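Heads up, the thing below is written out as structure tokens.
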Amino acid sequence: MSLRSFGAIAGLVVAVIATSWGVSRWRHGRPELSSREWTGTLTSSGIPEALRVLETSRVYRDVLPPPPALRGARATARGEVEVDLDPREAARTHAEVRAHPALLGIFPSVARGRIRLDGDGRVAEVWRLACPAGCALDLLDRDPPAGAPSAAWSVRPRNYRAIAWFALDARRLADPALGGEGLAALRERIEAVERLLGRPVRVELAEGLAGTGIVAIEEREPSRAPRVLVALDLERADRVRPLVDLFVSLAVVAGRGEVLHHREVAVGVLGTPARGAAVAIDGPLLLLSDEPGAVTAAIDRRRGAGASPSTPPAPFDRFRGSWRAERTAPSRVHATLTREGVWWWLRGEGEAPAIDADPVLPYVRSWLGRTSGRPDARR
């Protein structure tokens, strides 16, 4: 039960980025295109030719969406491919999601994309997303601060293969109708946890979280697997600390956790120090990881041992949007998510599809794979 309770916190972060997974099965086009150019209806008659174009690219050859997920497509005279996709139907074809049907509602229900294949192996994509009945995109801040501000930059690993900054609308976490019909199943599960604990978890998180934060995948020597670090800015640490203490205490009582101390900071371990998740509050930051060592290393960096600047690195310092991610290995790619008018726009460019820039997705797929009996996904 303690692990489930811990998951209620981590899931709020994971769901925001996992919403892009269904879209990742179909990628699309030219980031500089404006919404004024998105005209015309895509029909099923154009799907075969669009598929033939995408199959020429190693990037998309193995990730083409199933026919039920395609509403329409066409290959343009400019060498681009446009797609009208149902992300939820695309996600439904994967065993990991079928094993957790409540997750379908986190995906957008509308996605129209444009893909450009460049001759040097690079691709550019733009996706126009919406979810009228609600989805995990509703968790994001539609009017985020410019320049990707976050105290969490001070704890980012110096050697990382992927990193993302995001802005949640923390106040909306307390909305009893958050995410509408799309997130209804997940809300019911969280409400069950709240009733069991006898406390309003979402209200306390809404009051405690500032909304911004970073996720990073730390690169290490070849003999050691990469590890993830999530650092969330806190508006009121006093509102979040009792929740963390409660979840860790439950894990300890159940024999599945312990409390370590590092530089006078209590680090809660769920599992064992060798194989378990970790959580800690250090000043204005909530730190979470799949390995206790990642949390203690972040505490060291905040104290000045190999500290990183607290200001965002370029090009994050010039970004205005709800999510930006970049990956350097195994392929270089960057992506952004912004709200413009009534649409969400996912844009990406590089040596891989836009969603491959996301640091969290491999861990979500790995967890879903383990719980559905499938092998772990690669990080």
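The values are calculated or read from the model by the stated rules, or taken from the named source; none is laboratory data. As the structure is a computational prediction, the values presented were derived from the model and not from experiment. Here the Cβ is made from the backbone with ideal geometry for all residues, glycine too, and neighbour counts use every protein chain on show.
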Q: Could you check, for the range 171-185, whether at least one of its residues is under 25 Å from PHE316 (Cα atoms), loosely packed, with under 14 Cβ neighbours inside 10 Å and either touching a residue at least 12 places away in the same chain (Cβ under 8 Å) or among the basic types (Lys, Arg) (or both)?
A: yes
**Q.** Among the candidates ARG158, ARG112, residue that is touching a residue at least 24 places away in the same chain (Cβ under 8 Å), farther than 30 Å from GLU80 by Cβ and surrounded by fewer than 22 Cβ atoms within 10 Å (Cβ to Cβ)
**A.** ARG158
Q.
Tell me yes or no: at least one residue of the range 276-295 is of a type in the set (D, E, K, R), assigned by TED's automatic domain parsing to the domain that holds GLU218 and surrounded by fewer than 19 Cβ atoms within 10 Å (Cβ to Cβ).
A. no
Q.
Within the range 60-136, considering only strands (runs of 3 or more DSSP E) that don't extend past its boundaries, which have at least 3 residues that are over 30 Å from LEU178 (Cα atoms)?
A. 70-75, 80-85, 110-117
Q: Mind telling me which of the residues ALA167, ALA174 ends up being assigned by TED's automatic domain parsing to the domain that holds GLY293 and within 19 Å of VAL201 (Cα to Cα)?
A: ALA174
Q | Among (1) loosely packed, with under 14 Cβ neighbours inside 10 Å; (2) of a type in the set (Lys, Arg); (3) in contact (Cβ under 8 Å) with a residue 12 or more places away in the chain - the single one ARG202 does not satisfy | A | (1)
**Q.** Any hit, the range 172-180, residues being part of a loop (DSSP other than H, G, I, E, B), on the phi > 0 side of the Ramachandran plot and more than 18 Å from the chain's Cα centre (by Cα)
**A.** yes
Q. Just wondering, is there one or more residues in the range 185-192 that are out of contact with any Pro (no Cβ under 7 Å at 6 or more places or on another chain), among the charged types (D, E, K, R) and part of a loop (DSSP other than H, G, I, E, B)?
A. no
